[in-house]
Amino acid sequence: MLLKRQKLWNMIKKTGSWHHFWMESQTLQNPCASNPRTQNPFGVLGVSPYSTQSSKFPEYQMPSVTWGVVQGKKEKLVNRVKICDYLKSVGIIPDELESLELPSTIEVMSERVEFLQKLGLTIDDINEYPLMLGCSVRKNIIPVLGYLEKIGIARSNLGEFVRNYPQVLHASVVVELAPVVKFLRGLDVEKQDIGYVLQKYPELLGFKLEGTMSTSVAYLVSIGVNPRDIGPMVTQYPYFLGLRVGTMIKPLVDYLVSLGLPKKILARMLEKRAYILGYNLEETVKPNIDCLISFGIRREFLASAIAQFPQILGLPLKAKLSSQQYFFNLKLKIDPEGFARVIEKMPQIVSLNQHVILKSVEFLLGRGISSEDVATMVVKCPQLVALRVERMKNSYYFFKSEMGRPLKELVEFPEYFTYSLESRIKPRYQKLQSKGIRSSLNWFLNCSDQRFEERLQGNYIESESLGPSFCMGGKLELPGNEIESDEEEDESDEEVLYRRTVSL
């Protein structure tokens, strides 16, 4: 027994102390403890995983979820300098990356830069938003791009999408992107249109569902917009989902209502022309209304002009009105007051190509109608200047050869050219002939089918009264009319595009 104690005492003396003995035994059990930098790169052993105390080695940290590599402070600084030098060498300015956690090696950063370049981004694009370099290729970029492709954005367009909205690379597919797509589907945006909508307005992916998007939709429905039309409105003009109701949408609606435009009509306008919501009230809409008034358009006709041609609210109106007024005075001999009456009846004139106008005017002059009478006809029925010449030729031929009437009747009722020859003029004229009735053009054309039949059954011809101008040539589509002409080949591509779609 004494011999065993003596051997133990000799061993303790050799090792120095109990503490030193315990440390060596710990080393034998955990060889990594002697060199934590090289043998224990994750810094986990030697500290209880449930301990609340700080690490014995404060220069080491738990592994990052993003990078997965532990570095000391000095090593981090050295690697950061190396990565910044690399970025500078490829033309990327790293100034905005000071507060950003960067990868541990140049290889990882190089992988990100090359991936973004393969996506279609240039060094200039990266410099526009260098924070995208903080996104892991595998954990951030690839999942986001895969989801965008899944919802309908073509792979070839992903680079452009990221260029326009690079913040999307930071988003969580489950927490941020998918809920927005679900919200859009709930608004009746067609599944195949989701990608198109997001490419037009990618910032939607960063909006909160309970914020601006919900309130703008709720307000539009409250003024009479059909909920089923919200989806098509979003597809046409998704930007209104980002407009604040209190500062943008409601003030515009209130102003248009104050001009005499009923909310019901305004709602129908917005359903078909959602981009009206994007017109700036103070900078564009109010100045354009003031411009119309300054050119002689009477205030009581403003609502009608807006309902027929809503785009008039957002056009560079002063320049267009000045140009058209000068043209009408010079070529058509219509004075400024007559021009104002033309705009009241057909506001689309402001953006109608002057070459198209001249075609129909020249046709009338070529039939022997004096320039003064042509001016009178245009002021009375501005739709004449937007008609296809071929259509006018056919109607005129029937008027002269079949009806045999004097030109004076066309001057008195120029709306004759706006009616369909095959569906209205011919059948009604033939019924008049069969009954031996002779009447003015206005009497048998400017009425509904039911009213015309009632007139035929009567034993007398009632007194004539001029109908409202918007009924001439049939019901005017509301809101807005598209001006068509077969003379487009003589126009520039820009003029044709502008006339077909007046955009923001």
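The values are calculated or read from the model by the stated rules, or taken from the named source; none is laboratory data. Everything quoted here is computed from the prediction, not taken from an experiment. Positions of Cβ are generated from backbone atoms using ideal geometry, with glycine treated the same way; all protein chains shown enter the neighbour counts. To get the accessible areas, we keep the full protein, side chains included, count just its heavy atoms, and leave off ligands, DNA and RNA. Shrake-Rupley method; radii C 1.70, N 1.55, O 1.52, S 1.80 Å.
Sorted by average packing, counted as other Cβ atoms within 10 angstrom per residue and highest first, what order do 331-342, 293-304 take?
Details: 331-342: 17.8, 293-304: 15.7.
Averaged packing, sorted descending, gives the order 331-342, 293-304.
Kirkwood radius, the stretch 313-385, all distinct C-alpha pairs, inverse of mean reciprocal distance: 12.2 Å. Considering only protein heavy atoms and a 1.4 Å probe, what is the carbon-and-sulfur percentage of the accessible area of the stretch 301-389? So the carbon and sulfur contribution to the accessible surface is 53 percent. Note on residue 320 and residue 280: with the Förster distance fixed at 22 Å, the Cβ-Cβ geometry gives a FRET efficiency of about 0.80.
Over the stretch 89-178, what per residue volume does the convex hull of the Cα atoms give, in whole Å³? Present the calculation step by step, with values, prior to reporting the outcome.
Working: hull volume 8.7 nm³, N = 90.
Value for the stretch 89-178: 96 Å³ per residue.
For residue 409 and residue 293, the difference between the fully extended length at 0.36 nm per residue and the C-alpha to C-alpha distance is 38.4 nm.
Assuming 0.36 nm per residue, please report the length gained on full extension of the stretch residue 106 to residue 167 beyond their Cα-Cα distance. The partial results should precede the final answer.
Details: separation 61, 0.36 × 61 = 21.96 nm, distance 2.31 nm.
Full-extension gain reported as 19.6 nm.
Hull volume per residue, based on the alpha-carbon atoms of the stretch 187-301 and their convex hull, is 106 Å³.
As a test question: what accessible area, to the nearest 10 Å², does residue 229 have when a 1.4 Å probe is rolled over all protein chains in place? Roll a 1.4 Å probe over it and residue 229 shows about 40 Å².
Note on residue 190/residue 239: beta-carbon distance plugged into 1/(1 + (r/R0)^6) with R0 of 30 Å gives a FRET efficiency of 0.95. When the listed pairs 264/426; 182/272; 359/431 are checked against a 27 Å cut-off, the alpha-carbon distance exceeds it for 264/426; 359/431.
Between residue 137 and residue 367, the modelled labels are 7.3 nm apart [label points 7 Å from Cα along Cα→Cβ]. Its alpha carbons give the stretch 377-456 an Rg and a Dmax of 12.3, 35 Å.
Taken one residue at a time, the phi angles of the stretch 88-102 give Karplus couplings (6.51, -1.76, 1.60, θ = phi - 60°) of 5, 5, 9, x, 9, 8, x, 4, 7, 9, 4, 8, 9, 6, 9 Hz. Gly and Pro are set to x. Here the 3J(HN,Hα) profile of the stretch 409-418, calculated from phi with Karplus coefficients 6.51, -1.76 and 1.60 at θ = phi - 60°, is 5, 5, 5, 6, 9, x, 4, 3, 5, 7 Hz, Gly and Pro shown as x.
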